């Protein structure tokens with residue numbers, strides 16, 4: 001729409017407003033209205049359609065984005081109306097962090113705002129025959145429902161490596177881990193938020209994935225996990241329980257091991273693991289063997305550290321109360 005003149009843009013906005021009023025009488029949701037606008041006014045970009053579907057001005061969108069940032073205890077970006085206009089007209093692309101907050105604001109996925117394409121239905125049969133049971137080269141983040149289903153259905157073990165966000169400590173997910181940890185072993189390996197490798201590992205990632213505030217990260221993620229582990233301990237069956245370890249070295253992927261499958265999530269510039277390609281490897285394949293070996297190596301470092309790794313200062317150790325208490329001290333200072 002960047003080639004349209006001002007009069008035509010105003011005309012398209014009025015058309016979108018008329019569609020919105022008609023759809024409101026039919027009790028359509030804002031996202032359904034946005035889809036209708038995109039269908040009937042194809043000259044509009046999806047991002048602008050979502051704003052018009054809600055009847056918001058660009059100034060209001062900016063204010064609402066600021067509120068989301070402030071709710072996360074982050075400095076508000078105060079995006080100008082002119083910058084929002086450039087995003088909506090396809091003249092400039094917001095960075096990945098801004099895209100995530102726009103998705104939260106409009107309660108939708110990046111591809112539905114015009115940033116990327118949803119490839120989740122792609123044919124991957126040839127990969128399955130090679131031992132990869134699924135692959136999503138998608139841009140939309142994994143949902144909590146995806147994770148909840150895997151955790152809820154686990155019967156043998158759950159191991160998480162590479163935790164950098166609050167995905168696993170959310171109120172919707174943590175109780176599921178707790179209930180499972182009473183019956184089966186649940187293990188977390190998370191980077192020490194105060195280790196020297198943190199900046200090297202995460203400087204290319206989005207702010208939220210970068211543990212930009214170690215105290216906040218400890219307070220909002222590690223502390224809830226630690227408290228959950230303590231609640232589980234008295235009721236856990238033999239061999240079960242929740243164990244949390246920290247490590248001090250960089251990594252380029254995250255892993256979720258649930259029963260007979262391992263999900264591997266790749267990191268990249270400006271990308272979290274849940275936003276990049278997600279590979280699922282099943283038991284009995286060379287890929288499964290490779291990644292389970294990585295998890296066994298982590299376990300050995302945690303329980304029986306040995307050369308040549310110890311002299312390289314590679315440390316995996318149980319999360320201790322001293323690390324968790326740092327957030328309490330910081331919050332009361």
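Coordinate-derived values only; no laboratory data. Since the structure is predicted, the reported quantities are computational estimates derived from the model, not experimental observations. Neighbour counts run over all protein chains shown; Cβ positions are idealised from the backbone, glycine included.
Once both labels are positioned 7 Å from their Cα atoms along Cα-to-Cβ, the gap between residue 303 and residue 152 label points is 3.1 nm.
Can you give the relative contact order of segment 6-113 as a percent, counting alpha carbon pairs under 8 Å and 6+ residues apart?
Details: 98 pairs, mean separation 24.9, N = 108.
Relative contact order comes out at 23 percent.
Once you have the Cα-Cα distance between residue 230 and residue 173, take 0.36 nm times their residue separation minus that, and quote the gain in nm to one decimal. Numbers along the way, then the final one.
Numbers: separation 57, 0.36 × 57 = 20.52 nm, distance 1.68 nm.
Full extension of this stretch gives 18.8 nm more.
Once both labels are positioned 7 Å from their Cα atoms along Cα-to-Cβ, the gap between residue 104 and residue 237 label points is 3.8 nm.
Note that segment 6-113 carries a Kirkwood radius of 14.1 Å, evaluated over its alpha carbons pair by pair. The order of 43, 215, 88, going from fewest to most other C-beta atoms within 10 Å of their C-beta, is 43, 215, 88.
Ranking of 256, 83 by neighbouring Cβ atoms within 10 Å, starting from the fewest: 83, 256.
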